[in-house]
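One structure is given below, encoded as structure tokens.
FYI, it's all coordinate maths here, none of it is from the lab. Treat the numbers as computed from the prediction; the structure is a model and nothing was measured. A quick note on method: Cβ atoms are made from the backbone with ideal geometry, for glycine too, and the neighbour counts reach across all protein chains shown.
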Amino acid sequence: MRVTAAVLLTVAALGLVVGGLVYLGTRPKPYRPDEAETDLTSNLSRDLPADAPKPRLTDVTRAAGLAAFRTFVGQRTSQLPEDMGCGAAWGDFNNDGFDDLFLVSAGGPLNAPTNQLAPCELYENLGDGTFRKVEDFPELRIHGMGAAWGDYDGDGWLDLVVTGYNALFLFHNEPGENGRRKFVRDPRFPNRPGFWSGATWGDYDNDRRLDLYVCGYVQYTENEADRNRTSLQLSTAVPYSLNPSSYQPALNLLFHNHGDGTFTEVAQKLGVGDPTGRSLSALWYDFDDDGWLDLYVANDVSDNAFYHNRGGTFEDLSYKACVADYRSGMGLAAGDWNRDGDDDFFVTHWIGQQNALYDNLLVDTARRERRPPARPESVPADSQRAGPAAGAPVGSAM
């Protein structure tokens, strides 16, 4: 009996060991947001299928009347704000049915006088494939980064926010002479120092008023001695003053719209300030189809962030949803690429890194009617509940 019992115990123990090994071998690996870092490469070639479409594009910049615009004038001084790519924003500011184009300029070197910086410019779409510069748009010479259209006062006319290094301006769309429109800087929205990058409008609390989320990049300090140093970025030595990893992340901002032209900043209160992220772009989108806009933030050399909207408050699901992705996040776009009835999103990364496409698993599409695929826009229709909003992502390259 003792021998039999000993054999049974041995078999049971072996079963536990084997079962444990099977479980360990089949359970999902712990999520690591930095595991995609291994795709960093100096080889910029692409490996495309033989039957991949080969679109042909024609450069019509000059023919469209946009060739005179300048994004940078002068000699760079090896500082990070000079190294950032500036954005653009499409929006029909005069309600004539044609999307107009606002071009953000990086201006020039940080040591240049303001009046020598290249200005941001607004171009009116004439509807025939050409554009005309809006000469009476307020002169804006800044180290610009991004812009976003949004009707924040609900009057039916698109207003404009512009971001940049130590620049955060809100322009109100008002009636001008001869039936035209004009833009006036809103004094109730004061500029504040900071390295402001992307911006996006969205009604996060469903009060029918567009709120504004602004990305903060890094806490940059201008120190001439840093230009002769190096620091590590993804295990590679790069110039210190051009490396975002050299600087602490900056907080992001969320401006709650009161509907009277005033805003209150509530990012920290609602837990969406993203204090560890070097943020470049953000996207409002109702990813789980519950009627509340969620927020995704693309961060450079830091974990991306995904905030689930729980009825006007937010829960950080970055890790649970496996979308924290520690790489150099730049731009964002959402849409139903596989036509399964829910909207997915796409993240662009810095040069030498593969981009990322995330398939949405938050919605049980089998339980509801399939809908047509989302329009191919960089800003979702859900963020337009209180008026249109549109913008373009920003990024950088060394």
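Between GLU135 and GLU315, the distance separating the two model label sites (each 7 Å from Cα on the Cα→Cβ line) works out to 5.7 nm. Sorting THR230, THR58 from the fewest to the most surrounding beta carbons within 10 angstrom yields THR58, THR230. Computed log10 I(q)/I(0) for region 118-222 at 0.12, 0.15, 0.23 Å⁻¹: -0.46, -0.70, -1.36, from the Debye equation with unit scatterers placed on every C-alpha and solvent omitted. Full extension of the chain between ASP340 and ASN111 gives 77.3 nm of extra length, using 0.36 nm per residue less the Cα-Cα distance. Just how many % of Cα pairs in region 61-396 lie over 34 Å apart, if you round to the nearest whole percent? Cα-Cα pairs in region 61-396 separated by more than 34 Å: 22 percent.
Note on region 48-199: Rg/Rh from C-alpha atoms, Kirkwood Rh, equals 1.02.
I need to check one value: relative contact order of region 61-396, counting alpha carbon pairs closer than 8 Å and at least 6 residues apart, in percent. After rounding, I find 15 percent. Extension gain for the segment ASN355 to SER78, taken as residue separation times 0.36 nm less the Cα-Cα distance, is 97.0 nm to one decimal. Per-residue extension of 0.36 nm, minus the Cα-Cα distance of VAL60 and ASN206, leaves a gain of 48.5 nm for this segment. Here the residues SER279, SER235, ranked from fewest to most Cβ neighbours within 10 Å of their Cβ, fall in the order SER235, SER279. Once the Cβ-Cβ distance between GLU177 and ARG70 is put in as r, and R0 is 45 Å, what FRET efficiency do you end up with, to the nearest 0.05? Plugging the Cβ-Cβ distance into 1/(1 + (r/R0)^6) gives 0.95.
What FRET efficiency do you get for ASP155 and THR264 if R0 is 22 Å and r is their Cβ-Cβ distance, rounded to the nearest 0.05? Calculated value: 0.60. Taking other Cβ atoms within 10 Å as a rough exposure proxy, ILE351, ILE142 sort from fewest to most as ILE351, ILE142.
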